[in-house]
Amino acid sequence: MDWLLTPGPVRLHPKALEALARPQLHHRTEPARALFLRARTLLKAAFRTEGEVLLLTGSGTLAMEALVRGLFAPGERVLVPVYGKFSERFWEIAEAAGLSVDRLDYPYGRVPRPEDVAKGGYRGLLLVHSETSTGALVDLPALAQAFKAENPEGLVGADMVTSLLVKEVALEAFGVDAAASGSQKGLMCPPGLGFVALSPRALEALRPAGYYLDLTRELRAQGEGESAWTPAINLVGAVAAVLEEVLPRLEEHLALKAWQNDLLYRVGEELGLRAVPEVRSPAVAAFYLPEGVPYGRVKEAFARRGAVIAGGQGPLKGRIFRLSLMGHYTRYEALGVAALFREALAD
Ligand code: PLP
């Protein structure tokens, strides 16, 4: 398949492929420690934090759970707006961690407003920046500010799984205390690494929780360039290689991602398709299926042209399809995908 148009995993960056072709390193050796520290420094720059970034071997969901359990003790009150599959996952994780959770529900595709979270009496607020299941983007700085005005001691945790390297992020400047992400989305690497970014405030609040999930233990080990357990060191090399390439020209990269996603929406509009999100994330374009057309037919039309797309999740299953150019695509390749999109929908 030539065209991986799913919102993760995505088409790999050539620098990731090159890094993965290197010989295996042992993780408790000097070259591996140097690589690990380099990746952490680059990730701190990517999240724009003066705090720390921890690398965990696992997927983005592991990073979300480690964040929740590392910041909040059982019984503490947290507010969780639910506006898609991944914000629902944050709610499930908070429930599983024994927190006292208040859930705010939105129809999939809509986003929470600052006034919705301006409620006192909470220790935390959990938000998904780019809700991949609906293609919606939330205004993190405005939401964090409204929440903290009522909860000055409160902590804001954000899922930045499909916004890191796709849309501007800045931990402290956004009023976000901790964020979770992963290797297989905007970083254009294979799945297998989760990241937890912690602001200086979050580092003060950090508590031991669980065993593999214990971020206090990871913090001690990773300060030395090691991780508590065997890390996916080959992926650490891929992540460092991509960040070294992309970070020096981040603005240009984010502009390309925005242009590419807008292109998909422009084609969708031309074809008379209705967009799902009220506010669009540049990570993915989500469209309702044309009246009477089953998802399988659209999926097959793309597959005949060598492209893999994504369907809906949760209540949107069977009602929408999603296309993403979050992976490594040039401007010209994106134009090719736009042509393929027009053809597939004409079948
Ligand atoms: N959060 C968001 C916004 C996502 O898009 C995803 C994956 O699609 C996840 C969390 C879960 O990540 P993973 O599948 O790596 O556990």
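Bear in mind these aren't lab numbers, they're just calculated from the coordinates by the rules spelled out. Owing to the predicted nature of the structure, the values given are computational and were not obtained by experimental measurement. Here the Cβ positions follow ideal geometry from the backbone for every residue, glycine too, while neighbour counts run over all protein chains shown.
Per residue and in Å³, how big is the convex hull formed by the alpha-carbon atoms of region 90-208?
116 Å³
Just subtract the alpha-carbon distance of residue 335 and residue 34 from 0.36 nm times their residue separation and send over the number in nm, one decimal.
Taking residue 335 through residue 34 to full extension adds about 104.4 nm, to one decimal.
Given the options 310, 34, 179, which has the most mean-square fluctuation in a GNM of the chain, springs set between C-alpha atoms less than 10 angstrom apart?
Checking each option, the largest mean-square fluctuation is seen for 34.
Rounded to the nearest 500 deg cm²/dmol, what is the calculated helix-only ellipticity per residue at 222 nm for the chain, with -39500 (n - 2.57) per DSSP H run of length n ≥ 4?
The helix contribution divided over the chain gives -12500 deg cm²/dmol.
Applying 1/(1 + (r/R0)^6) with R0 = 41 Å to the Cβ-Cβ distance of residue 278 and residue 252, what FRET efficiency is obtained, to the nearest 0.05?
Computed FRET efficiency for residue 278 and residue 252 comes out at 0.90.
How much of the DSSP bridge set in the chain is antiparallel, in percent, rounded to the nearest 5? Mind dumping the intermediate values first?
Numbers: 21 of 40 bridges.
DSSP beta bridges in the chain are roughly 50 percent antiparallel.
Give the whole-number value, in cubic angstrom per residue, of the convex hull volume spanned by the C-alpha atoms of region 16-68. Each step should come with its number before you reach the end.
Numbers: hull volume 6.0 nm³, N = 53.
Spread over its residues, the Cα hull of region 16-68 gives 114 Å³ apiece.
Multiply the residue separation of residue 303 and residue 153 by 0.36 nm, subtract the distance between their alpha-carbon atoms, and state the gained length in nm to one decimal.
Result for the pair: 48.9 nm of gain on full extension.
Filter 44/148; 44/167; 44/119; 185/257; 15/299 down to the pairs with a C-alpha to C-alpha distance above 21 Å, please.
Violating the 21 Å Cα-Cα cut-off are 44/148; 44/119; 15/299.
Using a basic spin-label model with each label point 7 Å from the Cα along Cα→Cβ, how many nm lie between residue 270 and residue 224?
Roughly 5.8 nm, to one decimal.
For the chain, compute the orientation-averaged projected area of the C-alpha convex hull (one quarter of its surface), in nm².
Across all orientations, the chain yields a mean hull projection of 16.3 nm².
Give me, ordered by chain and number, the residues 5 or more places off residue 104 or on other chains with an amide H under 5 Å from its own placed amide H.
Amide H neighbours of residue 104: 80, 82.
Extent of region 3-155 along each principal axis, from alpha carbon coordinates, in Å, largest to smallest?
In descending order, the Cα extents are 52, 37, 27 Å.
Could you give the nm distance between label points at residue 115 and residue 212, where each point is 7 Å from its Cα heading toward the beta carbon?
4.5 nm
Once amide H atoms are placed 1.01 Å from N in the peptide plane, what residues at a sequence separation of 5 or more from residue 155, or on another chain, have their amide H within under 5 Å of its amide H?
Amide H neighbours of residue 155: 124, 125.
What is the ratio of the Cα radius of gyration of region 139-211 to 2.2 N^0.38 Å, with N the residue count, to two decimals?
1.18
Rounded to two decimals, what is Rg over Rh for region 203-347 when you use alpha-carbon atoms and the Kirkwood radius? Walk me through the numbers on the way to the answer.
On the way: Rg = 20.3 Å, Rh = 18.3 Å.
Rg/Rh: 1.11.
Considering only DSSP beta bridges whose two residues both sit in region 117-259, what percent are antiparallel, to the nearest 5?
Antiparallel bridges make up about 45 percent of those DSSP assigns within region 117-259.
How big is region 102-159 along each principal axis, measuring the range of its Cα positions in Å and listing the largest first?
Extents along the principal axes, in whole Å: 31, 17, 16.
Which helices count as membrane-span-like in the chain under these terms: full DSSP H, at least 15 Å along the axis by C-alpha, Kyte-Doolittle mean of 0.0 or more?
Helix filter hits for the chain: 30-47, 60-71, 140-150, 233-246, 331-346.
Over all distinct alpha-carbon pairs, what is the Kirkwood Rh of region 214-272 in angstrom? Don't skip to the answer; put the middle values down first.
Details: mean 1/r = 0.0674 Å⁻¹.
Averaging 1/r across every pair of different Cα atoms and inverting gives 14.8 Å.
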